[in-house]
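Written out below as structure tokens is the structure these notes cover.
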Amino acid sequence: MLEELRQTCRALLADGKADVVIGYAQDDPAMPAYPVFVTRPEDADRLVWNEMCLPNLVAYLTRPEIKALGKPAVVVKGCDERALVVLAREGQVDRGEMVAIGVACDGVGKPREAKCSICDVHQPRYADVVMGQAKNEPVDAAARYAEVEEFLKKTPVERMAFWREELSRCVKCYACRQVCPLCYCTRCIADKNQPQCIDTSATLKGNFAWHLTRAFHLAGRCAGCDECTRACPVGINLRLLNLTLARSAEAQFGYRSGMDPEAKPVVGSYSLQDKEEFIR
Amino acid sequence: MSEIISQEKLRRLVGEWISAGKRVYGPRRPKPGPVLYAWLKAADELLLDGYVRPANSIKEVVFPRHEVLYSYRLEGKKISMGEPEPLSAERIVVGARPCDAASLTILDHVFNWDYKDSFYNRRRELTTVITVACSRHDAHCFCTSVGLAPDAVLAGYLAGVVERFRESPLDSMTGPVARRDRASVEANLAALAGEPRLTALYQAFLSSAWPDFEKDGGDSA
Amino acid sequence: MSESNGFEPRIVAYVCNWCTYLGADLAGTNRLEYPPNIRIIRLPCTGRIDFNLIVKAFEMGADSVLVSGCHPGDCHYTAGNYHARRRWMLFRDLLDAMGIDLRRIHFTWISAAEGKKFQRVVTEITEQTRALGPYEDYRKVVEGGAC
């Protein structure tokens with residue numbers, strides 16, 4: 001499959017169908033692969049594909065410095081592809097002006113990432129060309145959100161205590177924001193200071209404000225790639241927070257982000273039938 | 001006579017410090033995930049091996065992310081200023097890496113070169129740093145590129161975790177002695193020059209482990 | 001200490017200009033008494049409410065928050081309250097997962113004609129909050145200070 005991938009990328013660049021291939025390269029097989037931006041056909045040999053290809057390369061499609069390189073081709077795993085579907089739906093990428101190279105994936109990370117055990121997108125579904133073959137077995141919602149269900153067994157007081165401990169470690173490095181393909185706002189609300197909307201200090205107050213805001217801004221959008229969790233230098237369980245909102249979106253609206261390019265996004269649309277038991 | 005402390009006794013000491021109301025900062029693993037320097041609530045939280053270095057630095061101890069500098073109260077046209085409570089609890093960093101400890105020398109300079117930052121200096125005065133030398137490194141370590149070493153002594157007191165010396169000779173300040181690396185031993189001695197007590201400790205160890213140091217040219221590094 | 005037997009809840013209400021605010025006004029002109037614990041913040045529409053505002057209210061010391069707007073179908077801007085409702089449905093779950101006390105967050109539809117409803121809702125919320133006590137948990141987060 002690796003040779004097929006390299007050949008496909010070489011051809012795309014040689015034929016002018018793409019100006020830059022955003023793929024994975026790797027120096028040390030024990031370390032995660034890193035993103036590489038190949039513009040010459042002969043450099044396609046640097047591309048790799050293996051279980052250490054962890055980054056979500058879709059994050060680069062909205063960066064101005066990458067857009068300046070020209071028409072992109074991007075290597076996507078199933079989870080990355082979900083983010084691509086959301087970006088296309090939100091008008092941030094033109095699917096016709098780029099090439100998505102899907103790679104069938106059995107799971108990444110050593111040890112395996114948590115997201116892989118509940119994955120139902122091993123085989124990318126909307127890519128322009130797909131390397132390899134994998135099966136997409138459906139996963140039921142109970143399994144998908146098992147971690148959240150487990151967490152919600154805690155009482156509200158215990159939950160608050162848990163998040164106080166988790167979020168106390170946050171240093172506001174914003175790595176989570178930087179690595180997220182869906183955090184593409186050129187002016188993030190955290191950077192607004194006239195007036196200041198979110199306390200930017202790395203205190204518990206500021207950390208709660210930031211993480212509540214980011215989780216909410218990703219409600220019904222987060223693709224579950226977990227790159228934020230992996231990027232966090234102090235190991236905050238951001239996955240749990242994002243999964244909570246994903247569960248809410250699926251339970252209340254039957255919606256999963258990035259699964260259907262035609263589906264109406266959950267925030268930004270409404271239904272006259274939306275439930276309102278909690279509204280007096 | 002060299003001084004050796006076992007891990008068990010070190011932990012007991014840490015426990016005593018914590019009970020005495022001192023604040024102890026050291027490597028711990030809060031949950032599966034990265035090891036981090038953090039304020040220890042109990043001695044068994046202290047993690048002394050099984051990792052290369054914590055994911056954060058010891059900066060927090062002398063330069064916290066957030067602190068109250070002053071407060072004020074407005075009552076009509078009257079403004080009254082308030083000062084925060086002056087810090088009094090001693091703080092001890094246990095298990096700092098030499099690279100982390102070396103950073104304090106730089107911070108001392110930053111906070112004192114034109115204006116003596118009383119907030120920084122107060123914390124610094126109250127802080128004691130105990131380093132643990134490194135017995136392994138990873139692909140990201142670069143102390144040697146900036147004039148440091150896994151067994152460098154720059155700031156604070158030294159306590160080699162000598163239990164490990166028994167298992168792996170290339171360890172702590174004893175490593176260069178064991179390797180008969182004259183240049184490194186002399187560099188260590190030079191670094192300790194301003195501290196008679198540490199120099200005496202090191203000399204004592206040297207004379208027991210490398211009696212011919214004075215006369216012996218030693219192997220090249 | 002006045003705290004123990006004189007706790008006065010502080011309630012922040014984010015209300016829409018066209019319905020609930022006028023409803024509150026009606027309560028006033030009709031001399032309907034309601035507890036003074038409420039601080040009303042007028043916005044053009046519930047659809048404009050950024051959920052950070054609820055968090056900010058707790059940060060600033062509110063013990064309860066009320067969000068109130070036009071009934072579905074009556075929004076002055078046609079669909080603002082539908083968008084708000086959609087957001088509220090998700091935001092509640094997030095707050096619940098964080099351990100924030102949902103009993104202290106109230107959502108209502110109060111129209112410009114419902115002065116009495118405004119009086120009733122505010123009175124109920126004040127009493128409920130008085131029974132719950134001050135919102136210590138979020139105060140602890142705010143005063144958590146240096147980590």
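The values are calculated or read from the model by the stated rules, or taken from the named source; none is laboratory data. The structure displayed is predicted, hence computed values, not measured ones. Quick reminder, even Gly has a Cβ in these numbers, built from the backbone with ideal geometry, and neighbours come from all protein chains shown.
Please find, within the range A:121-145, the residue that is farthest from the other protein chains (Cβ to nearest Cβ) out of those that are in contact (Cβ under 8 Å) with a residue 12 or more places away in the chain and assigned to a helix (DSSP H, G or I). Going through the qualifying residues, I end up with A:ALA143.
Screening C:THR78, C:THR123 for residues that are over 16 Å from the mean Cα position of the chain (by Cα) and more than 9 Å from every other protein chain (Cβ to nearest Cβ) leaves exactly one candidate, C:THR78.
Inspect the range C:130-147 for any residue being in contact with a strand residue (DSSP E or B) (Cβ under 7 Å, 6 or more places away or on another chain) and buried (at least 21 other Cβ atoms within 10 Å of the Cβ) and give the result as yes or no. Outline the logic, then answer.
In the first step, residues of the range C:130-147 are kept if they are in contact with a strand residue (DSSP E or B) (Cβ under 7 Å, 6 or more places away or on another chain); the result is none.
No, the range C:130-147 has no match at all.
Here's the yes/no breakdown for (1) away from every other protein chain (no Cβ under 11 Å); (2) touching a residue at least 40 places away in the same chain (Cβ under 8 Å):
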{"site": "A:CYS197", "(1), (2)": "no, no"}
{"site": "A:SER201", "(1), (2)": "no, no"}
{"site": "A:ALA223", "(1), (2)": "yes, yes"}
{"site": "A:LEU241", "(1), (2)": "no, no"}
{"site": "A:ARG247", "(1), (2)": "no, yes"}
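Would you check if A:VAL157 is assigned to a helix (DSSP H, G or I), in contact with a Leu (Cβ under 7 Å, 6 or more places away or on another chain) and over 27 Å from B:GLU60 (Cα atoms)? Spelling it out, it is not the case that A:VAL157 is assigned to a helix (DSSP H, G or I), in contact with a Leu (Cβ under 7 Å, 6 or more places away or on another chain) and over 27 Å from B:GLU60 (Cα atoms).
Scanning the range A:21-36 for residues that are under 15 Å from A:ASN56 (Cβ atoms) and either among the aromatic types (Phe, Trp, Tyr) or within 14 Å of chain B (Cβ to nearest Cβ) (or both) returns A:TYR24, A:PRO32, A:TYR34.
Just one of (1) within 30 Å of A:GLY268 (Cβ to Cβ); (2) assigned to a strand (DSSP E or B); (3) in contact with a strand residue (DSSP E or B) (Cβ under 6 Å, 6 or more places away or on another chain) fails for A:PRO35. It is (3).
Considering B:ALA38, B:ALA101, which residue is modelled with pLDDT under 90 and among the small types (Gly, Ala, Ser)? Sole residue among the options that is modelled with pLDDT under 90 and among the small types (Gly, Ala, Ser): B:ALA101.
Looking only at the range A:40-95, residues that are among the small types (Gly, Ala, Ser) and without any contact (Cβ under 8 Å) to a residue 60 or more places away in the chain come to 5 in all.
Against the test of being within 14 Å of chain A (Cβ to nearest Cβ), more than 19 Å from B:TYR120 (Cα to Cα), buried (at least 16 other Cβ atoms within 10 Å of the Cβ) and out of contact with any strand residue (DSSP E or B) (no Cβ under 7 Å at 6 or more places or on another chain), the options B:ARG53, B:ARG28 yield a single qualifying residue, B:ARG53. When the range C:1-21 is filtered for residues that are in contact with a Cys (Cβ under 9 Å, 6 or more places away or on another chain), more than 24 Å from C:ASP101 (Cα to Cα) and among the hydrophobic types (A, V, I, L, M, F, W, C), the ones remaining, listed by number, are C:TRP18, C:CYS19.
Restricted to the range A:162-190, and to residues there that are within 14 Å of chain C (Cβ to nearest Cβ) and among the charged types (D, E, K, R), the residue that is surrounded by the fewest Cβ atoms within 10 Å (Cβ to Cβ) is A:GLU165. Among the numbered conditions (1) more than 23 Å from C:GLU143 (Cβ to Cβ); (2) without any contact (Cβ under 8 Å) to a residue 40 or more places away in the chain, the only one that B:VAL24 does not meet is (2).
Which helices (runs of 4 or more DSSP H) sit wholly inside the range B:113-221 and have at least 2 residues that are surrounded by 13 or more Cβ atoms within 10 Å (Cβ to Cβ) and at pLDDT 80 or above?
On the way: elements: B:118-125, B:162-167, B:174-179, B:182-191, B:196-209.
Filter on the range B:113-221 gives B:118-125, B:182-191.
Of all residues in the range C:55-108 being β-branched (Val, Ile, Thr) and crowded, with 19+ Cβ neighbours inside 10 Å, which is modelled with the lowest pLDDT? Taking the candidates together, the pick is C:VAL55.
Based on what the data block shows, is A:ARG230 within 30 Å of A:VAL48 (Cα to Cα), away from every other protein chain (no Cβ under 11 Å), of a type outside the set (A, V, I, L, M) and surrounded by fewer than 23 Cβ atoms within 10 Å (Cβ to Cβ)?
Numbers: within 30 Å of A:VAL48 (Cα to Cα): yes; away from every other protein chain (no Cβ under 11 Å): no; of a type outside the set (A, V, I, L, M): yes; surrounded by fewer than 23 Cβ atoms within 10 Å (Cβ to Cβ): yes.
For A:ARG230, the condition - within 30 Å of A:VAL48 (Cα to Cα), away from every other protein chain (no Cβ under 11 Å), of a type outside the set (A, V, I, L, M) and surrounded by fewer than 23 Cβ atoms within 10 Å (Cβ to Cβ) - is not met.
Whenever a residue of the range A:156-173 is farther than 15 Å from C:TYR138 by Cβ and in the same structural domain as A:LEU238 (by TED's automatic domain parsing), its partners that are in a helix (DSSP H, G or I) and among the aromatic types (Phe, Trp, Tyr), lying with C-beta atoms within less than 7 angstrom and at least six residues away or across chains, give the pairs A:LYS172/A:TRP210. Highlighted here are the helices (runs of 4 or more DSSP H) found entirely within the range A:192-280 that include at least 3 residues which are under 29 Å from C:ARG103 (Cα atoms): A:204-217, A:238-253.
Of the residues examined, C:GLY133 is not one that is under 20 Å from A:TRP210 (Cα atoms) and either more than 16 Å from the chain's Cα centre (by Cα) or more than 8 Å from chain A (Cβ to nearest Cβ) (or both).
Okay, residues lined up against (1) crowded, with 21+ Cβ neighbours inside 10 Å; (2) free of Cβ contacts under 8 Å to residues at least 40 places away in the same chain; (3) touching a Gly at 6+ places or on another chain (Cβ under 8 Å); (4) under 27 Å from B:LYS31 (Cβ atoms):
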position	(1), (2), (3), (4)
A:GLY220	yes, no, no, no
A:ILE236	yes, no, no, yes
A:VAL266	yes, no, yes, no
A:SER271	no, yes, no, no
A:ASP274	no, yes, no, no
